[in-house]
Structures are given as structure tokens and as C-alpha cells.
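The block underneath contains the structure these notes are about, expressed in C-alpha cells.
The values are calculated or read from the model by the stated rules, or taken from the named source; none is laboratory data. Since the structure is predicted, the reported quantities are computational estimates derived from the model, not experimental observations. Here the Cβ positions follow ideal geometry from the backbone for every residue, glycine too, while neighbour counts run over all protein chains shown. Accessible surface is based on the protein model in full, side chains and every heavy atom, while ligands, DNA and RNA are left aside. Shrake-Rupley method; radii C 1.70, N 1.55, O 1.52, S 1.80 Å.
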Amino acid sequence: MTTVATPHGADLTAPAPRHLIVTLFAMYARPENNWLSVASVVRLMEDLGVDGPSVRSSISRLKRKNILTSVRHDGQAGYSLSQPVLDTINDGDDRIFGRRRATLDDGWVIAVFSIPESERDKRHALRTALTRLGFGIAAPGVWIAPAVILDEVRKMLQRNEMEPYVSLFDHCVLTDDAAAKVASWWNLEELANQYTAFLDHYALLAQDISGEIGTRRAFVEYVPMLTTWRRLPYLDPGLPLEVLPEGWPGVDAAQLFSEIDASLQPRAREHVQSIVHIS
């Protein structure tokens, strides 16, 4: 895995091949009945600078983790996203492409859970799931996030059959010193650094694509950018600006992402279609 130096000194980690593959399936397999042929994946990943052996190695890892499953269509070998991963990606579209930032008036959701020691695997799975949704830890077994993600939380608990272990308290109010509490529950410095690295790197791309560019280049630029971005709305679950440091870089980063997405997504899809329907 490589890093790219940015003007303000933060490093932007280049996405690993397996993460690029997940983006490919999230963006381009779903419209194709959740399936891409092996030939299509290899060809598209070659466009992204990843050779065939590395693609196959990454796919093997994704299969072992039950992210991808092998499926044949009309005699062609290919892969689909597993159903749990497909459900999670479907649920995540709004957060990635149209996330609403919370306000203090929206309140907070608090998740309190107690899982017996005999089921410690479920305890770990629940902690992982809450972390992926962007929850902060207020106290042992007490997790907090803006209430705007309440529906996401309920879907996650239902999908993972964890509802019996968790009590949700929604639209709670932080009565005093909310900014200090948020700063202790989330690593705002690290999050701000990641937003700044995204801005530093992709502001140059936004300038470079201001004119017309070809569909292949649109694809080559778009998929790594989207792969980098899609982590950030989960690290920051739409925290209210009222409790964030002044000049929070997440606002400008979200605007930049929206501009690049609007410019590149249609042309990138054209390139993918040209590959998928001839492979």
C-alpha cells in the first residue's frame, strides 16, 4: 500500500486492490443483477493499474471473508456481492452520496448493550458494527451517534439479529459542554487530517477535469477517489457543526466530492459499460 504526499503534510493512502474491487462491485455490479464476469473485473482493474495475479489474489481474500461469492452466468465465471454485504452497501448509498449533516436539534442516539461472556463473538461483532456506523464511545458499553442515523442502526441490528442485546435511546440531548464531550468521544484531529488530505489531493483533480475528458480516464480517476471517500462518511456520522472546530474541513471535502462525482460518474460508467458488455 502506498501513500501520496499532500501539500499540508497529511498522507493520503492509496486504496488497496481489494478495496477498489469492492467499489467496482458496489458501483457497477448492482445494475448488472449483482454480477460481473471474471474477465470484466480483470480488465477494469488493469485500467486501474492492478495486474491479473494481484486481482485474483485480492478476490480470493474477498471470497474467504464472504464479501464475494462465485457465480456463473450463461457459462461465464464471475462474482457477486454476498447478500449481507449487498444489503450493507444498499443501506450506505444515502450516507456516501447524499449524507445529511446533523444539527444539535436532531439530538443523539445512545446504544447500550450487554452481551454475556459466553457470546463474546457477538460482542465483538456488535462493537465492530457500531464503529463502522461512526459511533463514539461515551462509556464502556455505551455508544453514541447523531440521531439522524437511527434508521441505519435499526437496520443493522435487525440484519445481524442483535436487537435483543441492545437498548436504543433516541433523540437524546447533551445538556452541557457538548463540544468537549464530542471531542473526547471521537478522534476529531485524525478525522480532520483525513478530510484535509482528501481536499489537498483531489482539489488538483477537480481543476484538471474542468474540461472534457475521456471515459477511460474518468473511470481511472473516479474509482480510487470514490474508494478513498466512502470511508469518511462512516468515520464522521454527520456530526453537528455546532460541536466541531471552526472551519471544519469536512464541509469543503463533501462539497468537493459531490462536484467530482457529478463530473466523473456518468463518464466512468460509460467506460465500464463498454467493457462489461463485450467481455
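Would it be correct to say that Leu36 is touching a helix residue (DSSP H, G or I) at 6+ places or on another chain (Cβ under 6 Å), buried (at least 20 other Cβ atoms within 10 Å of the Cβ) and closer than 25 Å to Val153 by Cα? Before the answer, list the steps.
On the way: touching a helix residue (DSSP H, G or I) at 6+ places or on another chain (Cβ under 6 Å): yes; buried (at least 20 other Cβ atoms within 10 Å of the Cβ): yes; closer than 25 Å to Val153 by Cα: no.
Considered against the rule, which asks whether it is touching a helix residue (DSSP H, G or I) at 6+ places or on another chain (Cβ under 6 Å), buried (at least 20 other Cβ atoms within 10 Å of the Cβ) and closer than 25 Å to Val153 by Cα, Leu36 comes out as no.
Just the residues that are loosely packed, with under 13 Cβ neighbours inside 10 Å, of a type in the set (Lys, Arg) and assigned to a helix (DSSP H, G or I), please, taken from the range 51-69.
Arg64 - this is the single residue of the range 51-69 that is loosely packed, with under 13 Cβ neighbours inside 10 Å, of a type in the set (Lys, Arg) and assigned to a helix (DSSP H, G or I).
For the range 101-117, indicate whether the set of residues that are open to solvent by less than 20 Å² (accessible area, probe 1.4 Å) and either of a type in the set (Ser, Thr, Tyr) or over 24 Å from Pro240 (Cβ atoms) (or both) is non-empty. Let's see the steps before the verdict.
Taking the range 101-117 as the starting set, the residues that turn out to be open to solvent by less than 20 Å² (accessible area, probe 1.4 Å) are 102, 107-109, 111, 115.
Checking which are either of a type in the set (Ser, Thr, Tyr) or over 24 Å from Pro240 (Cβ atoms) (or both) leaves us with 115.
Checked the range 101-117: at least one residue is open to solvent by less than 20 Å² (accessible area, probe 1.4 Å) and either of a type in the set (Ser, Thr, Tyr) or over 24 Å from Pro240 (Cβ atoms) (or both).
Looking at Val276 and the list (1) of a type outside the set (Lys, Arg); (2) closer than 30 Å to Gly75 by Cβ; (3) modelled with pLDDT of 95 or more; (4) crowded, with 20+ Cβ neighbours inside 10 Å, which single condition is not satisfied?
Of the numbered conditions (1) of a type outside the set (Lys, Arg); (2) closer than 30 Å to Gly75 by Cβ; (3) modelled with pLDDT of 95 or more; (4) crowded, with 20+ Cβ neighbours inside 10 Å, the odd one out for Val276 is (3).
Report whether or not Phe113 is within 20 Å of the chain's Cα centre (by Cα) and among the aromatic types (Phe, Trp, Tyr).
Numbers: within 20 Å of the chain's Cα centre (by Cα): no; among the aromatic types (Phe, Trp, Tyr): yes.
Against the criterion (within 20 Å of the chain's Cα centre (by Cα) and among the aromatic types (Phe, Trp, Tyr)), Phe113 does not qualify.
Just the residues that are open to solvent by less than 10 Å² (accessible area, probe 1.4 Å), modelled with pLDDT of 95 or more, not aliphatic (A, V, I, L, M) and not in a helix (DSSP H, G or I), please, taken from the range 227-264.
Pro240
To keep it simple, each residue is scored yes or no on (1) open to solvent by less than 10 Å² (accessible area, probe 1.4 Å); (2) over 19 Å from Asp121 (Cα atoms); (3) among the basic types (Lys, Arg).
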residue	(1), (2), (3)
Val142	no, no, no
Gln158	no, no, no
His171	no, yes, no
Lys181	no, yes, yes
Trp185	no, yes, no
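Condition check: open to solvent by 50 Å² or more (accessible area, probe 1.4 Å) and of a type in the set (Asp, Glu). Does Asp94 satisfy that? Break it down into steps so the answer makes sense when it comes.
On the way: open to solvent by 50 Å² or more (accessible area, probe 1.4 Å): yes; of a type in the set (Asp, Glu): yes.
Taking the combined requirement at face value, the residue satisfies it.
The conditions are (1) closer than 18 Å to Val272 by Cα; (2) within 21 Å of the chain's Cα centre (by Cα); (3) open to solvent by less than 60 Å² (accessible area, probe 1.4 Å), and His19 fails exactly one of them. Which is it?
Every condition holds for His19 apart from (3).
Being touching a residue at least 60 places away in the same chain (Cβ under 8 Å), polar (S, T, N, Q), more than 26 Å from Gly250 (Cα to Cα) and in a helix (DSSP H, G or I), is that true of even one residue in the range 26-43?
Checked the range 26-43: at least one residue is touching a residue at least 60 places away in the same chain (Cβ under 8 Å), polar (S, T, N, Q), more than 26 Å from Gly250 (Cα to Cα) and in a helix (DSSP H, G or I).
Scan the range 70-82 and give yes if some residue there is in contact with a Lys or Arg (Cβ under 8 Å, 6 or more places away or on another chain), open to solvent by 70 Å² or more (accessible area, probe 1.4 Å) and of a type outside the set (D, E, K, R), otherwise no.
yes
Scan the range 117-146 for residues that are within 14 Å of the chain's Cα centre (by Cα) and free of Cβ contacts under 8 Å to residues at least 12 places away in the same chain and report the count.
1
(1) more than 24 Å from the chain's Cα centre (by Cα); (2) within 22 Å of Leu133 (Cα to Cα); (3) part of a helix (DSSP H, G or I): which one isn't true of Gln207, the others all being true?
Failed condition: (2).
Out of all the residues in the range 42-58, is one or more among the small types (Gly, Ala, Ser), touching a strand residue (DSSP E or B) at 6+ places or on another chain (Cβ under 6 Å) and at pLDDT 95 or above? Spell out how you get there, then give the answer.
The initial filter retains those residues of the range 42-58 that are among the small types (Gly, Ala, Ser), namely 49, 52, 54, 57-58.
Narrowing further to those that are touching a strand residue (DSSP E or B) at 6+ places or on another chain (Cβ under 6 Å): none.
For the range 42-58, residues among the small types (Gly, Ala, Ser), touching a strand residue (DSSP E or B) at 6+ places or on another chain (Cβ under 6 Å) and at pLDDT 95 or above: absent.
So, in the range 187-210, how many residues would count as being open to solvent by less than 30 Å² (accessible area, probe 1.4 Å) and among the charged types (D, E, K, R)?
Of the residues in the range 187-210, 1 are open to solvent by less than 30 Å² (accessible area, probe 1.4 Å) and among the charged types (D, E, K, R).
Considering (1) assigned to a loop (DSSP other than H, G, I, E, B); (2) exposed (fewer than 14 other Cβ atoms within 10 Å of the Cβ), say which one Ile213 fails and leave the rest.
The failed condition is (2).
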